[in-house]
Amino acid sequence: MKAKNIAIIVKKELRGLMNERTILLAILLQLFVALFSSFLMVGLTSMYDPSSLSKYSRFRYSVAYVGNDSALNDYLSNSRDFTVFSMELSPAVTALQERKLAAVVYVPDTAPDAQDPVKITLYTLENDLQSAIVNVKLKDIFLSYEKDLRTLRKARITEQPVPLAFNPTRGGGDFFEFVYGLLIPLLLFMPAIIASALVIDLITEEYQHETLETLIASPVTFSEMVWGKVIACEILIPIQAGAWIFLLVINRIAILNIPQIFVLVTISSLVPILIGALTALHYRERTAAQFIFSTALVVVLLLILAIPANPLNMVTRLAVGSAGTGQWLVLAGVAVAAVVFSVLLQLYAGKVGREHHAG
Amino acid sequence: MGTFADIVTIAKWEIRRTLTQMSKDTLPLAIVLFAALVLVMGFTAQSGMHLQDGMYTIGVDDPTLAQVLASDTRFTVYELDDATLWNNRQAFDLVIYRGTALPATTERGRAAQKTVQRDYGQYTASVYNRQEDLFAAYPLWIDIQTVKSELDFTATQSGQYISARPGAAAPEPEGDLLDVPTPSPTLAVTSEELRTSLAETESSNSQLSRYTEMLSSSDTGTTFKTPSQLSPPLPFDSIILIFIFIFPLYFSSQFFMMSIMNERIERKGELLLSTPVSAPAIIVGKMLPYLILMLAISAGLTVYIGAPVSIILPLIPVILFFLANALIIGMVSRSFKELSFISIFFSTIATSYLFFPSIFANVHVISLISPLTLIVLTLQGTAYTATDYLFSTALFWLTAGVLFYVGIRNFSEERLFSEHGLLTRIREFVGSSLSEKHTFASLFLLNGFAIPFVFMAQMMCLVVFFNLPMPFSLILLILFGAEIEEMAKAVGIYTLYARDPSFFSWRNLLLASGATALGFLAGEKLLLFATLAEITESVFGSILFLSLGMLWLPLFLHFTAVCVVATCLKLGGRKWLVPGLVLATVIHCLYNLYFILGWLT
């Protein structure tokens, strides 16, 4: 194996990628994923915790209170989110239907300490964004009222949970688990998936476009050609991962232990690339190779995620700074896997290469 | 009959070839892998996803709480006595000290507190669920009655998000009073049924719902809820089921894509083209096995999960859409690399378009732009109406149809074996549908048929932006909506220009712009009247599809904008395409702003 020959192949493949502007598509794709992640984040949060968008928190919703007077009425009246009107049921629901109200609450005359539960009827608009927001705001009020009722009926409860008090926090912390526990590992390992699909394309292309003979006739050996392609794909990993880390950091998402993350991602991404190369050498035909590889990838990914302290989890822990010494074990494990698959690829490529030179 | 026989022959041939081409161990290995997949899924379900393990380090002085929190793998829990805990509190993200949770003043500390709060909520729920006297532990039950508002979106048309304005006096209903019966004060179900539904809620709080920052409350058997169950239900189970449906469809369409690509490698398809079989018959024949496979998979899954058969109906246009795109991608890409990247790109976008709206299935009408929402609703037990079906699938039917037409038109030796770059090839594809003789008529048709694609792209923007705070979502929507339209209109003009720059005399330029504007307008209005009433009535719709009713104004706008692009091309050459587009977009935006915000008046 000559480093010079491998370098020639690496350059050739990278140039090919540049010329076809496929790299551009890959970048667009990643931007798109990021855009949609943020959409999901903002969308879901605003849906389930509307006060996270300041726009809604300034607004007072009109609600009608119907039926027996209760502590709930006081809670509603004292809330900064609602303006409460005492009304009759029929006009109130009609007004709701005409969108003059945001919700109608009906309270029956069940005594707070009665044997039966207090059943409140809540009328809201069907399939409406606003009523989703109102429901979430009403939920807090209902929870306070539930707590009062529970205290009144305390004597009948045989086992109380261990009490735990929380101080209200100054917001924040909403996106923490999403960003560090999902987005960062996902974004940093996506280049590995793209690169391993790419290595299959590069190898099967030589077979299916029948350009292999030309290559074999050249001074480059078969193994050198395979390694050149693997390295060309591997080079893309730190570039893409680096771009992501850079983008996240300038978005003021603090990532700790960047050098360790970089090393871990680069080494662990080599494993799927090597597996992809082995699959491609075995099948020599894109459809079968991609099919088998992607199914296998799903199996392996699921399996890895089910194991505690997997590389993805380690990226999360490194990024938040709670990795500890376990990180070196994981890194060593990944490195061993990479070496094992490298040896396998070297042996297999050597065998296939001898067949080609003989035939 | 002849065509039909041809199709069957080609289909048979396709099946035989696929089976022989795949080496012998592919199929057995695939079966082994699928078996492994099932096993691994079982294992993962059992052991859970370990993605967020050990994110927080917390110290607890209470043994019960320590045990509760230790069961959540996100925490590394240290159980210490009071004094040690207090002295070392700096080392933790959060300490639980004498019955109070004290988070560190970092982002991680605040996030830890949220997670502890949620886990604690679950713990209290599990304690209360065991109570003999359920109504002492859960004294408050809420019965949600939904009211359908006939006004729906029209009230928000003025740009106001919320119409219920607070006033000093109680609002007076204008219409006839509804007769609303007084609700019964008692629950209609036994406390045992309620206990079961509470237990369900507790267990459905899976790891997946962590990401969504809430205690999810999927459909409990009863309509009565405790206050903590009040969040709008997120249809997680159904969404995961949809994944199981869509995933095999992606795979199958990949095979079709590859089969088309294979015809083009080393001109292998020449043989096929030299037979007297027509291009449509070849394409339909090649597609048929995959179509049947996909339908069979969908039907099999439906029967397996015991879902209503009606969920296949929304899947059919989705399947055709995948196949149509597979055909075009297989026809335009020059190499495997390109094929991979384009297909990954396409499937990401298609997935987003299909999935994200369906998350809001229970919350907002906007979710209906994805056919998958119909499936979610059906799985939840709500039937969809014919209007719903038309509304969510129309764009898929239309775009699939147009793409098939383009594919068939270009299924010729000249196009299939051309070695041009991607963009040039796409331009060639468009070009072959522009006739040389009836240039203006075909320009008219091209723009008419571009409309479904424009709508799809705009819908995508709508999905992305509708959750942003109001002014931003409007501004972004105005910008992107205008830009997408201008780009679509420029396609025909640019193709003509690239084919023959001398074609654009001033007279032809005006005529071409006119044809483009007319075609665009005709397509827009036709599709709008047919399907999109639900969206068009919202304030967002009014930006995208402004000006129903007045026809000459939008025609003039389209004409002016296209003219600007064409003139830029004529005077400046190809370099001026982008500046021309920018200019046209600006004009389009100003026009929209004038009508929506009443500027300049």
Inset, instruction - Report yes if some residue within segment A:314-336 is within 12 Å of chain B (Cβ to nearest Cβ), in contact with a His (Cβ under 9 Å, 6 or more places away or on another chain), crowded, with 19+ Cβ neighbours inside 10 Å and not in a helix (DSSP H, G or I); otherwise report no. - result: no
Legend entry - B:PHE43 being of a type in the set (Phe, Trp, Tyr), surrounded by fewer than 16 Cβ atoms within 10 Å (Cβ to Cβ) and either closer than 23 Å to A:ALA309 by Cβ or facing chain A (nearest Cβ under 8 Å) (or both): yes
Inset, instruction - Mind telling me which of the residues B:ALA45, B:ALA91, B:ALA112, B:ALA66 ends up being within 29 Å of A:SER294 (Cβ to Cβ), of a type in the set (A, V, I, L, M, F, W, C) and outside the structural domain of B:SER252 (by TED's automatic domain parsing)? - result: B:ALA45
Legend entry - Some residue of segment A:163-173 being at pLDDT 80 or above and part of a helix (DSSP H, G or I): no
Inset, instruction - Just give me the residues in segment A:279-297 being more than 9 Å from chain B (Cβ to nearest Cβ) and either over 23 Å from A:GLY350 (Cα atoms) or surrounded by fewer than 20 Cβ atoms within 10 Å (Cβ to Cβ) (or both), in sequence order. - result: A:LEU297
Inset, instruction - Kindly establish whether B:PHE411 is assigned to a loop (DSSP other than H, G, I, E, B) and closer than 21 Å to B:SER253 by Cα. - result: yes
Legend entry - From A:VAL134, A:VAL93, residue being facing chain B (nearest Cβ under 7 Å), assigned to a helix (DSSP H, G or I) and β-branched (Val, Ile, Thr): A:VAL93
Inset, instruction - Within segment B:91-110, work out how many residues are exposed (fewer than 14 other Cβ atoms within 10 Å of the Cβ) and either within 17 Å of A:VAL320 (Cβ to Cβ) or in contact (Cβ under 8 Å) with a residue 24 or more places away in the chain (or both). - result: 4
Legend entry - Within segment A:310-359, tally of residues that are within 30 Å of B:ALA112 (Cα to Cα) and either touching a helix residue (DSSP H, G or I) at 6+ places or on another chain (Cβ under 6 Å) or not assigned by TED's automatic domain parsing to the domain that holds A:HIS282 (or both): 14
Legend entry - Single residue of segment A:52-75 satisfying the filter (of a type in the set (A, V, I, L, M) and within 15 Å of A:THR110 (Cβ to Cβ)) that is modelled with the highest pLDDT: A:VAL66
Legend entry - Residue pairs meeting the criteria (Cβ under 9 Å; at least 6 apart or on separate chains; first without any contact (Cβ under 8 Å) to a residue 12 or more places away in the chain, in segment A:299-322; second acidic (Asp, Glu)): A:PRO308/B:ASP53; A:ARG317/B:ASP53; A:SER322/B:ASP93
Inset, instruction - Find the residue count for segment B:365-406, including only residues that are at negative phi and either not in a helix (DSSP H, G or I) or not assigned by TED's automatic domain parsing to the domain that holds B:LEU288 (or both). - result: 6
Inset, instruction - Scan segment B:332-344 for residues that are over 25 Å from the mean Cα position of the chain (by Cα) and part of a helix (DSSP H, G or I) and jot them down. - result: B:PHE336, B:LYS337
Inset, instruction - Give the residue, chosen from B:LEU327, B:LEU313, that is touching a Phe, Trp or Tyr at 6+ places or on another chain (Cβ under 8 Å), surrounded by fewer than 22 Cβ atoms within 10 Å (Cβ to Cβ) and of a type outside the set (Ser, Thr, Tyr). - result: B:LEU313
Legend entry - Boolean, A:GLY16 is surrounded by 20 or more Cβ atoms within 10 Å (Cβ to Cβ), at pLDDT 80 or above, facing chain B (nearest Cβ under 9 Å) and farther than 30 Å from A:PHE178 by Cα: no
Legend entry - Evaluation of A:ILE273 against (1) modelled with pLDDT under 90; (2) assigned to a helix (DSSP H, G or I); (3) in contact with a helix residue (DSSP H, G or I) (Cβ under 8 Å, 6 or more places away or on another chain) (one fails), failing number: (1)
Inset, instruction - Given the conditions (1) more than 22 Å from B:GLN52 (Cβ to Cβ); (2) among the polar types (S, T, N, Q); (3) modelled with pLDDT of 85 or more, report the number of the one that B:THR154 does not fulfil. - result: (3)
Legend entry - Residues of segment B:111-129 that turn out to be among the aliphatic types (A, V, I, L, M) and surrounded by fewer than 19 Cβ atoms within 10 Å (Cβ to Cβ), as a count: 1
Inset, instruction - Identify, by number, the condition in (1) facing another protein chain (nearest Cβ under 9 Å); (2) in contact (Cβ under 8 Å) with a residue 12 or more places away in the chain; (3) crowded, with 22+ Cβ neighbours inside 10 Å that B:SER352 doesn't meet. - result: (3)
Inset, instruction - Report yes if some residue within segment A:119-138 is of a type outside the set (S, T, N, Q), modelled with pLDDT of 85 or more and within 30 Å of B:GLN113 (Cα to Cα); otherwise report no. - result: yes
Legend entry - Condition met for A:LEU270 (surrounded by 19 or more Cβ atoms within 10 Å (Cβ to Cβ), in contact (Cβ under 8 Å) with a residue 60 or more places away in the chain, within 21 Å of A:MET225 (Cβ to Cβ) and of a type outside the set (Phe, Trp, Tyr)): yes
Inset, instruction - Kindly check whether there is at least one residue in segment A:73-82 that is surrounded by fewer than 19 Cβ atoms within 10 Å (Cβ to Cβ), facing chain B (nearest Cβ under 10 Å) and not β-branched (Val, Ile, Thr). - result: no
Inset, instruction - Take the residues in segment B:1-28 that are within 17 Å of B:SER252 (Cα to Cα) and facing chain A (nearest Cβ under 7 Å), then tell me which one is farthest from the chain's Cα centre (by Cα). - result: B:GLN21
Legend entry - Residues satisfying the stated conditions in segment B:92-109, i.e. part of a helix (DSSP H, G or I) and in contact with a strand residue (DSSP E or B) (Cβ under 7 Å, 6 or more places away or on another chain): B:ARG108, B:GLY109
Inset, instruction - Could you pull out every one of the helices (runs of 4 or more DSSP H) wholly within segment B:460-540 that has 2 or more residues that are modelled with pLDDT under 85 and more than 25 Å from B:LEU395 (Cα to Cα)? - result: B:470-499
Legend entry - Per-region count, segment B:97-143, residues more than 7 Å from chain A (Cβ to nearest Cβ) and on the phi > 0 side of the Ramachandran plot: 1
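The values are calculated or read from the model by the stated rules, or taken from the named source; none is laboratory data. Computed from a prediction, not measured in an experiment: that's the story for all the values here. All Cβ positions, even for glycine, are placed from backbone atoms using ideal geometry, and neighbour counts span all protein chains on display.
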